[in-house]
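These notes concern the structure reproduced below.
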Amino acid sequence: MPPDAKIPSNSEIDQALKEFELKSQAEEIKKSPEVLKNSEMPKMVRLVIKWSGGSINEKQANYVLFGFVVIAIGISLFLFFGGGNKPPQPSAAVLERIKQMPLNR
């Protein structure tokens, strides 16, 4: 085919190509759980790929899981070291009343 030749766009061909692409994507999504079950990937990675609809690969699923672990550890450290409540401090009025109370000795 000469490089200068242009194929005229045909709306029927374009529509058929779009339908074919949609059908092939639907079949690929249907097949993906079967392919994932037979693979040697860890179950968590397969689960992340399944939840994403098959739009990410194994490496990206590993990064998602790693990010989840980092966030979970960060939240745990915050709650352990910085999220605790300090005991309430009495107000000045309460301290004054305590000072005025008689001591029973």
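Some values worked out for this structure:
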quantity	calculated
Spherically averaged projected area of segment 43-89 from its Cα convex hull (nm²)	4.4 nm²
Ranking by accessible area, most exposed first, for Leu103, Leu95 with a 1.4 Å probe	Leu103, Leu95
Heavy atoms of Ile13: accessible area, 1.4 Å probe, square angstrom to 10	100 Å²
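The values are calculated or read from the model by the stated rules, or taken from the named source; none is laboratory data. Predicted, not measured: the structure shown is a model, and the values here were computed from it. Areas reflect the complete protein model, heavy atoms only, side chains present, ligands, DNA and RNA absent. Shrake-Rupley method; radii C 1.70, N 1.55, O 1.52, S 1.80 Å.
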